[in-house]
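Notes follow the structure.
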Amino acid sequence: MLKGKTALVTGSTSGIGLGIAKALAAEGANLVLNGFGDNAGPQAEVAALGVQVAFHGADMSRPAEIEAMMKFAAERFGRVDILVNNAGIQHVAKIEDFPIERWDAVIAINLSSAFHATRLALPAMKTANWGRIINIASVHGLVASAEKAAYVAAKHGIVGLTKVTALETATTGVTCNAICPGWVLTPLVQKQVDARAATLKISNEEATRLLLGEKEPSMQFTTPEELGALAVFFCSAAGNNVRGAAWNMDGGWAAQ
Ligand code: NAD
């Protein structure tokens, strides 16, 4: 379905980003991966699906590096047809204890990076009259939790950015939507499970049950594969007129 298209997924060396990259590659899209840590393994996993893969290690908190990454993608593949703004970090602390440097980092990586990548991707998408921008927000783009001020502010912000992008492209073949996952068991969440187990002196399994039980009625993690399938739907012809949605895949979290 996506043969001949190029997708760029930020933060795709791990977790949800890698899951979405593989789902898009399985539909034939060539991929530009980005993120920290090992990139050879993720590149090999995506290449095994029979598509071309490139990697750029831009730090998504730095606008100049984002610009270099977008230039690199255009030079390598002609243009970016599908942009998935996924890179993200978390920091958990009460507002009065929240380190200023962590606030700035969360806002830069989880929100401002999507603005920069979007503004740089849009001209070529508009010229081609086809494009897909998928912002990985969170259920925290719809509702809040205590001690996650920067994350919740950034995720509500990216839902707003999604709506503005959808309006500014509404008469074109470019769409923009957000995906709002509940808990997904990736390194980002494993850290929160481990912290809870250590603080409460309980097992990892018990900490996992507590984490799910507090917020997620299904008591199940959403998987990167399920999120990848939703991203593929947004890229399909059936998604042509889905614009500005903030689609939760959260086990009923936001329904409460
Ligand atoms: P993860 O930690 O597994 O992956 C994060 C990715 O972002 C990694 O590839 C990492 O290298 C990259 N990254 C981090 N900082 C970066 C930077 N400055 N520049 C470039 N890349 C950077 O986390 P994940 O759970 O897969 O999270 C992916 C996205 O999904 C995030 O935006 C997160 O907020 C969102 N999300 C996650 C969950 C969850 O439960 N895991 C739920 C809702 C939303």
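The table that follows gives values for the structure above.
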| read-out | value |
| --- | --- |
| Selection within the range 112-152 - away from the ligand (no atom under 12 Å from the Cβ) and either under 14 Å from residue 88 (Cα atoms) or not assigned by TED's automatic domain parsing to the domain that holds residue 231 (or both) | 115 |
| Residue list for the range 235-256, filter: on the phi < 0 side of the Ramachandran plot, touching a residue at least 12 places away in the same chain (Cβ under 8 Å), among the small types (Gly, Ala, Ser) and surrounded by fewer than 18 Cβ atoms within 10 Å (Cβ to Cβ) | 236, 254, 255 |
| Among the residues listed as 61, 12, the single one being modelled with pLDDT of 95 or more, assigned to a loop (DSSP other than H, G, I, E, B) and in contact with a strand residue (DSSP E or B) (Cβ under 6 Å, 6 or more places away or on another chain) | 12 |
| Meets criteria (within 14 Å of the ligand (Cβ to nearest atom), under 12 Å from the mean Cα position of the chain (by Cα) and either assigned to a loop (DSSP other than H, G, I, E, B) or of a type in the set (A, V, I, L, M, F, W, C) (or both)) for residue 37 | no |
| Filter result (touching a residue at least 60 places away in the same chain (Cβ under 8 Å), of a type in the set (Val, Ile, Thr) and in a helix (DSSP H, G or I)) within the range 110-148 | 139 |
| Any hit, the range 153-175, residues being away from the ligand (no atom under 16 Å from the Cβ), in a strand (DSSP E or B) and not charged (D, E, K, R) | yes |
| Exclusive hit being touching a Cys at 6+ places or on another chain (Cβ under 6 Å) and of a type in the set (Lys, Arg), set 132, 76 | 132 |
| Where a residue in the range 89-106 is in a helix (DSSP H, G or I) and its partner, wherever it lies, is more than 16 Å from the ligand (Cβ to nearest atom), with Cβ under 7 Å and at least six apart | none |
| Every residue from the range 200-232 that is within 12 Å of residue 251 (Cα to Cα) and either in contact with a Lys or Arg (Cβ under 6 Å, 6 or more places away or on another chain) or not in a helix (DSSP H, G or I) (or both) | 216, 217, 218, 219, 220, 221, 222, 223 |
| Test result for residue 50, outside any helix (DSSP H, G or I) and either closer than 26 Å to residue 138 by Cβ or more than 9 Å from the ligand (Cβ to nearest atom) (or both) | yes |
| Criterion: outside any helix (DSSP H, G or I), touching a strand residue (DSSP E or B) at 6+ places or on another chain (Cβ under 7 Å) and modelled with pLDDT of 95 or more - qualifying residue of 72, 55 | 55 |
| The range 179-210, residues that are touching a residue at least 12 places away in the same chain (Cβ under 8 Å) and farther than 17 Å from residue 15 by Cβ | 195, 196, 207, 210 |
| Any hit, the range 71-82, residues being in contact (Cβ under 8 Å) with a residue 12 or more places away in the chain, surrounded by 15 or more Cβ atoms within 10 Å (Cβ to Cβ) and within 30 Å of residue 195 (Cβ to Cβ) | no |
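Condition check ((1) surrounded by fewer than 20 Cβ atoms within 10 Å (Cβ to Cβ); (2) touching a helix residue (DSSP H, G or I) at 6+ places or on another chain (Cβ under 7 Å)) across all residues:
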position	(1), (2)
151	no, yes
161	no, yes
164	yes, no
174	no, yes
186	yes, yes
191	yes, no
199	yes, no
211	yes, yes
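The values are calculated or read from the model by the stated rules, or taken from the named source; none is laboratory data. Just so you know, these numbers come straight off a predicted model, no measurement behind them. We place every Cβ from the backbone using ideal geometry, glycine too, and count neighbours over all the protein chains shown.
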